[in-house]
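Values in this text are rule-based calculations from the coordinates and carry no lab data. Since the structure is predicted, the reported quantities are computational estimates derived from the model, not experimental observations. No Cβ is skipped: glycine too gets one built from the backbone with ideal geometry, and neighbour counts run over all protein chains shown.
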Amino acid sequence: MSALVLAAASVGSGQISDGWEYVWAAWAIAYGAIGLYGLSLYLRTRTVRNEEKQP
Amino acid sequence: MRKVLGVGLPVVGVGMLAVGAWLGLKWAQPEQYMGDVQRIMYVHVPAVWMALLAMVLNFVSSVRRLMDRKPLLFVGGALGLLAVVAGVGYQLAVVSPANARVERREIPPRDGTPAFGTLNPRLTLVAWTGMPCGGCAGLTGTLQHLEEIYRGKLRVEYRVLPGAQPAAAGALLAAHAQGKFAALHEAMAAETGPLDAPALERVASAAGLNVPAWQAALSQRPFAQGLEADAAQAAGLGISSAPALFLNGRPLAGPAQIATLRVAADDELALQDRGAVVKYLVGMGLVAALLSALGAFIRTDAQADALAEASAEVGVLFGAVGVLLGAIWAKPTWGVWWDWDPRLTSAAILLVAYSGYLALRKFVDDTERRAVWSAVVAIISFVDVPIIYYSVRWWRSLHQVQSTPKDVAPDMVVALRWNSFAFLVFLVLFTWRRYELSRAQLESEQLAPPDVPAAAEVKA
């Protein structure tokens, strides 16, 4: 019965209710990927520059 | 300048991402059906767009790597010109004569009129009805059947002709307020006697209307303005009797039967498809010319190869993020993380193809071979990019069709555009930085001394 009430509550308005955990996960992955790739580029660039400085 | 950009672009990008997060997570309103889950769109769509842009850059660089600048400009320009000439020729020889034989009338849209079907139709059927109406029996059922056949393409709108019995016209629009327009229309059409007040009440009751509410609406006449607008439109179009049907403004002669309506609808869709061929040809021509001009800006083969590698890696990054975010969005909306739907499948193929491209570059040591082989692989892989874009239009897809600013709420447009530009800053920054790494790697490979020959070779 409680499952039926929950189901009715979630579809009753015709709008998906809640779902913020999916939203946070998606934004975290997007921003995390941009940050991590930026960091990897920075580290790779620094390594190349250090190698160039060596005789 | 480079130093300023090197510091300025990340600062601007991070600032734009911060504002974009506020716009997407706080400022934009929840979507009517998807609620807050829709907020995933503000990062999913920009990520996919950046991936496709990066792949376009990869394609241009790869073609440039295989062709020198002048031949590239010549071939691109010639292809572009050929496509534009073919498009214009097709328009003049086929499309314009076909359109010229069709008479069309301008029928302005009217708010609040009884209507059903898609909101973005290729076919709009305006049906004038009213009482008395000799050929109106079964009309609403026929039009509902037609909408089922052309689902997603057709919108049906009714207009009411006051005619000889204005009370009946008002009764129909009052019934529309209860969602009973079709029911009352069919009940009226079946009535053989005059539609006086007692007959209207009897018919309304038989059609399942809330009669007191319907009578209240009839006395208050909230529909009066709409009825006058319909009457004015009918006079302008020269309509004197019902039913009168117009498909995309084209008057339909003969009885409103499903077979004749289908012939007209198919003809109309064929006309539009022919017009779309012209748009594709001219569009392809302009794109070919634009891309070849873009490619001609890349001066050396080494630059082209480095830019191809950089754009592929950045494209795979944004593509992987886009696909992952799409899966997260799919779970609460479709109920599954993944579906082998045309859009998702073609996006997955893109990721596999460009990951293979990057792997190929790691396996080949010879710089010339690596550049040529990978350029060929990139050009073949690029075939998937337009397939991804058009997959939702070409095939029945679970994935929604691309939205345009006209289709979505203004706050969504602002949040989506802002986040797209924020991602674009990072696309430019990442591609530039990765390009410099590739150039440095290429230069070190070219400067490196050749491999020391094996002892056996030295002896020989």
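For residue B:362, the shell of other residues with beta-carbons less than 15 Å away shows a net charge of -1, using +1 for Lys and Arg and -1 for Asp and Glu.
Each residue, residue B:337 and residue B:225, gets one label point 7 Å from its Cα in the Cβ direction; the gap between the two is 5.3 nm.
Could you order peptides B:23-29, B:206-212 by the average number of other Cβ atoms within 10 Å of their residues, highest first?
Descending packing order for the listed peptides: B:23-29, B:206-212.
The Rg/Rh ratio for segment B:217-257 is 1.09, where Rg is the radius of gyration of the alpha carbons and Rh is the Kirkwood radius.
On the beta carbon distance between residue B:86 and residue B:33, with R0 = 30 Å, the FRET formula returns roughly 0.10. Here the protein assembly as shown carries DSSP beta bridges of which approximately 60% are antiparallel, counting only pairs with both residues inside. Rounded to the nearest 0.05, what FRET efficiency is calculated for residue B:411 and residue B:111 with R0 set to 22 Å and r the Cβ-Cβ distance? Working from the Cβ atoms, E equals 0.50. Maximal additional length on extending the residue B:380-residue B:206 stretch stands at 56.1 nm, based on 0.36 nm per residue less the C-alpha distance. Listed peptides B:98-105, B:38-45 appear in the order B:38-45, B:98-105 once ranked by packing, highest mean of other Cβ atoms within 10 Å at the front. Extension gain for residue B:358 to residue B:26 (0.36 nm times residue separation, less C-alpha to C-alpha distance): 115.7 nm. Partner aspartates and glutamates whose Cα lies under 19 Å from the Cα of residue B:70, excluding those fewer than 8 positions away in the same chain, are identified as B:301, B:305.
If you add up the charges near residue B:137, with Lys and Arg at +1 and Asp and Glu at -1, over every other residue whose beta carbon is less than 13 angstrom from its beta carbon, what do you get? Before the final figure, lay out the partial values.
On the way: positive: none; negative: B:186, B:191.
Net charge around residue B:137: -2.
Once you order the gyration tensor axes a ≥ b ≥ c over the Cα atoms, which shape class does the protein assembly as shown get: rounded for a/c under 1.5, otherwise prolate or oblate by comparing a/b with b/c?
It is prolate, given that a/c is not under 1.5 and a/b is the larger ratio.
The mean number of partner chain beta-carbon atoms within 10 angstrom of a residue's beta-carbon across peptide B:309-321 is 2.
Loop-located trypsin sites (Lys or Arg not before Pro) in segment B:350-407 (DSSP state other than H, G, I, E, B) with a sparse environment of at most 10 neighbouring Cβ atoms within 10 Å: B:396, B:406.
For segment B:1-120, rounded, prolate or oblate, judged on the Cα gyration tensor with a ≥ b ≥ c (square roots of eigenvalues), a/c < 1.5 rounded, else prolate if a/b > b/c?
Numbers: a/c = 3.25, a/b = 1.07, b/c = 3.03.
It comes out oblate by the Cα gyration axes.
With R₀ set to 51 Å, the beta-carbon distance separating residue B:241 from residue B:373 gives a calculated FRET efficiency near 0.10. Hydrophobic long helices, here whole DSSP H runs in chain B with Kyte-Doolittle means of at least 0.5 and Cα atoms spread over 27 Å or more along the helix axis, are found at B:2-22, B:41-66, B:69-90, B:258-295, B:301-334, B:342-363. In terms of the Cα gyration tensor, with a ≥ b ≥ c the square roots of its eigenvalues, is segment B:14-56 rounded because a/c is under 1.5, prolate because a/b exceeds b/c, or oblate? In terms of gyration-tensor shape, oblate.
Annotation: amide H-H contacts under 5 Å for residue A:19 (H modelled 1.01 Å from N, sequence separation of 5 or more, or interchain): none. Within 10 Å of the Cβ of each residue in A:32-38, the mean number of Cβ atoms contributed by other protein chains is 6. A simple count of charges around residue B:214, restricted to other residues whose Cβ falls under 15 Å of its Cβ and scoring Lys, Arg +1 and Asp, Glu -1, yields +2.
Calculated [222 nm] ellipticity per residue, helices only, for chain B: -22500 deg cm²/dmol; basis is -39500 (n - 2.57) per DSSP H run with n ≥ 4, divided by all residues, nearest 500. Taking every Cα-Cα distance in chain B and sorting them into 10 Å bins from zero, the calculated P(r) comes out as 4, 15, 19, 19, 17, 12, 8, 4, 2, 1, 0, 0 percent.
Count, for each residue of B:14-22, the Cβ atoms from other chains sitting within 10 Å of its Cβ, then give me the mean as a whole number. Kindly include the intermediate steps, with their values, before the conclusion.
On the way: counts 4, 0, 0, 5, 1, 0, 3, 3, 0.
If you average over the peptide's residues, the count of other-chain Cβ atoms is 2.
Length gained on full extension, residue B:213 to residue B:290, computed as 0.36 nm times the residue gap minus the Cα-Cα distance: 21.5 nm.
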